[in-house]
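First the structure, in the form of structure tokens, and then the observations on it.
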Amino acid sequence: MVSTLSAAQKTSVIALWNKEYPIQLHYQTEEEFDKYLDQLTDISHYLISTDQGEIKGWANTFNRDNEKWFAIIIGSSLQGKGYGHKLLSEIKKMNRELNGWVVDHNDYQKLDGSPYQSPLLFYTKNDFKVLPSKRIESTVSAVKIHWTKDQA
């Protein structure tokens with residue numbers, strides 16, 4: 001866990017973000033990504049990287065509206081192999097609650113044109129509750145998920 005990303009780590013995280021998230025969430029420049037990070041408080045970064053330093057997984061936790069929030073990305077080559085669960089478990093150890101926005105449908109595409117698969121099932125399998133009445137409908141359509149230590 002680190003509180004800031006090095007320049008090389010940031011470049012790698014942006015590449016991972018743009019490759020794995022829906023194209024609607026794509027960052028054109030590092031400055032756009034910096035604006036995203038700058039609006040977050042009490043941020044912590046969690047990284048999965050190769051021996052060569054290439055980042056294959058990234059998560060962050062931060063405070064927003066008096067709640068602890070998170071975002072997570074696992075590279076396609078590691079999906080379905082337990083890395084997401086391990087990363088999420090590490091984040092859970094460090095927090096009493098977590099909130100996130102999750103795309104709950106498969107209608108978006110990634111930058112390469114392949115379909116973006118909703119990770120909602122992954123989160124429900126990892127003890128998150130879906131809050132269907134809490135949604136965002138802006139750049140993407142997503143539902144709020146919530147986890148607390150007490151409910152696990």
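Out of all the residues in the stretch 1-21, which are outside any helix (DSSP H, G or I) and surrounded by fewer than 17 Cβ atoms within 10 Å (Cβ to Cβ)? If the condition is that a residue be outside any helix (DSSP H, G or I) and surrounded by fewer than 17 Cβ atoms within 10 Å (Cβ to Cβ), then MET1, VAL2, SER3, THR4, SER6 are the ones that fit. GLY100 falls short of the stated requirement of being modelled with pLDDT of 95 or more and either assigned to a loop (DSSP other than H, G, I, E, B) or out of contact with any strand residue (DSSP E or B) (no Cβ under 9 Å at 6 or more places or on another chain) (or both). For TYR83, the criteria (1) surrounded by fewer than 12 Cβ atoms within 10 Å (Cβ to Cβ); (2) among the hydroxyl-bearing types (Ser, Thr, Tyr); (3) under 20 Å from TRP147 (Cα atoms) hold in every case but one, which is (1). Of the listed requirements (1) loosely packed, with under 15 Cβ neighbours inside 10 Å; (2) in contact (Cβ under 8 Å) with a residue 24 or more places away in the chain, SER77 misses just one: (2). Can you report the number of residues in the stretch 80-97 which are in a loop (DSSP other than H, G, I, E, B) and either in contact with a Leu (Cβ under 9 Å, 6 or more places away or on another chain) or in contact (Cβ under 8 Å) with a residue 24 or more places away in the chain (or both)? So the count comes out to 3. As a summary of the residue check, SER133 satisfies the conditions (1) among the polar types (S, T, N, Q); (2) part of a loop (DSSP other than H, G, I, E, B); (3) loosely packed, with under 12 Cβ neighbours inside 10 Å except for the one numbered (2).
The values are calculated or read from the model by the stated rules, or taken from the named source; none is laboratory data. Note that the structure is predicted; figures quoted are calculated from it, not measured. Positions of Cβ are backbone-derived with ideal geometry, glycine not excepted, and every protein chain shown enters the neighbour counts.
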